[in-house]
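All of the numbers you see were taken from the coordinates with simple rules; none came from a lab. Please read all numbers here as calculations on a predicted model, not as lab measurements. Here Cβ is always computed from backbone atoms with ideal geometry, including for glycine, and neighbour counts include all displayed protein chains.
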Amino acid sequence: MESVARKQNRGISEDFHYFQPRPKMRGQARLIVRRGKAARLVVSVIAALTAFGASPGNAAANTVIDLTYDSVMDMVRPEVHPGIAVHHNLQVTVSGGGNLSEGRNRSAGPYQDRNAMMQVLSSSGDDAAYASWRTAPDGGLVRVQNDPQSTRTMTVTLLPGNTCRLEVVDQLKPGFSEYAFLRISTHTVGYFSTYRVTRTSCAIH
């Protein structure tokens, strides 16, 4: 996955997005999985959307899910900055052909950046990837994000009436007591004692 960052001014830190080197592939990354398996997984998502109120025509074409969440984190080194508030936006498009694309951006005060990726939807992710999506047993979607010292899991649950719910959980990896995220302004790693999600939203179009 190739990242494209837009930097405005300098100072506030945010999450990790550019820590690992990635091979370039037409500006996006693709996770290679078996097409037959991917197609079955997309069918399960489409079936769940239809069951919960999405029209069959729309579900069979492209389904767009808008996800947002707000977080607060306390930096402890290399500088001390308590209560850094970050707003996250993700737009996920699931196509009937088996592809999932994601565009995301985040902001903290006057600072922001954005990123994007594409993958073939699979139930098993690529361990080397920064983030990957898979289908949940109930037909929803799960995104796993691999940060240096923690893992972020985003779960999209499909609800009746063509609605959905987003849950975001960060968990430290064994042996670590701090979260390590890349600072948006300097692209250097900062360390945080806490990371709290304060609000989430989910909408299907």
Ser95-Val169 FRET efficiency (beta carbon distance; Förster radius 22 Å; 0.05 resolution):
0.20
Label the stretch 114-205 by shape, choosing from rounded, prolate and oblate, from the square roots a ≥ b ≥ c of the eigenvalues of the Cα gyration tensor; if a/c is under 1.5 it is rounded, and otherwise prolate applies when a/b is larger than b/c, oblate when it is not.
prolate
Quick calc: nm separation of the 7 Å Cα→Cβ label points for Arg77 and Thr198 -> 2.7
Where labels lie 7 Å past Cα in the beta-carbon direction, separation of Val189 and Arg134 in nm
2.5
